[in-house]
Amino acid sequence: MVQVIILNKFYMDTQQKDLSYFRLRLEELLYASFPEKAYDHKFIEQRSSWAANAYEGAFLSGNPIDQCNEIANYILFEGLRFSKFDTIFQVVCNEFDTIMADEELRPFALKMLPVCEPVFSSYDLTDDFANGPEFDLLYTEITGTIAIWIEEHGLQ
């Protein structure tokens, strides 16, 4: 009986570590590229749990570690390959970096996220959108939207 309790405790500790690992990886991505989701604790917990369970299931089914990681990552990062924020940040850094200090670029890009939302809504934003032909058009529209906003509001 004691052996079963020890094994169960080991299993629970290992499972909790896996969940923490996936949670931290997801939080890191969300903070960097999806700030609008960075504090969505329900999303983070659910996605991390799904990834940990997928990893465990793949491992228990005899898959190699690399394949277990691939399966878990697919679930963890599903729908998080194309980032609206990264696109805006890229535009701000490339097109407006001469009119603001480097430390102002990210905060300004965060401010532009809701401003640019209507532009994004007219595109089908799939995970591989950045590699598609419409990305250049989106980039140009985002640049124009930000330029108009700056013209109307300044760099407050």
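Throughout, read-outs are computed from the coordinates displayed, never taken from laboratory work. These numbers come from a predicted model, not from an experiment. So basically every Cβ, Gly included, is an ideal-geometry build from the backbone, and we count neighbours across all protein chains shown.
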Exercise. Based on the Cβ-Cβ distance from residue 149 to residue 50, what FRET efficiency comes out when R0 is 35 Å, to the nearest 0.05?
Worked result: 0.40
Problem set entry | Hypothetical label at residue 29: residues of the stretch 103-131 whose amide nitrogen lies under 14 Å (7 Å Cα-Cβ projection) | 127-128
Problem set entry | With 10 Å bins from 0: P(r) over the chain, alpha-carbon pairs, percent | 10, 30, 26, 18, 10, 5, 1, 0
For this session: Could you go through the stretch 95-107 in sequence order and give the Karplus-derived ³J(HN,Hα) for each residue, using 6.51 cos²θ - 1.76 cosθ + 1.60 with θ = phi - 60°, rounded to whole Hz, and x for Gly and Pro?
Result: 9, 10, 5, 7, 10, 8, 6, 3, 6, 8, 5, 5, x
Seminar exercise, completed: Filtering GluC sites (Glu not before Pro) in the stretch 88-149 by DSSP loop and by at most 14 other Cβ atoms within 10 Å leaves 134
Exercise. What number, in percent, do you get for the relative contact order of the chain if the mean sequence gap of Cα pairs under 8 Å and at least 6 apart is divided by its residue count?
Worked result: 19 percent
Exercise. Taking the alpha-carbon centroid of each part, what is the distance from the stretch 116-156 to the stretch 39-65 in angstrom?
Worked result: 33 Å
Seminar exercise, completed: Phi angles of the stretch 21-38, converted by Karplus (6.51 cos²θ - 1.76 cosθ + 1.60, θ = phi - 60°) into ³J(HN,Hα) in whole Hz with x for Gly and Pro, give 4, 5, 4, 5, 5, 5, 4, 4, 5, 5, 4, 6, 10, 9, x, 5, 10, 4
Problem set entry | Charge-dipole axis of the chain as Lys and Arg at +1 and Asp and Glu at -1 on Cβ define it, positive-most pick from 126, 62, 114 | 62
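Starting from the Kirkwood Rh over alpha-carbon pairs, what translational D in µm² s⁻¹ does the stretch 37-116 have by Stokes-Einstein at 37 °C and 0.692 mPa s?
Rounded, D is 218 µm²/s.
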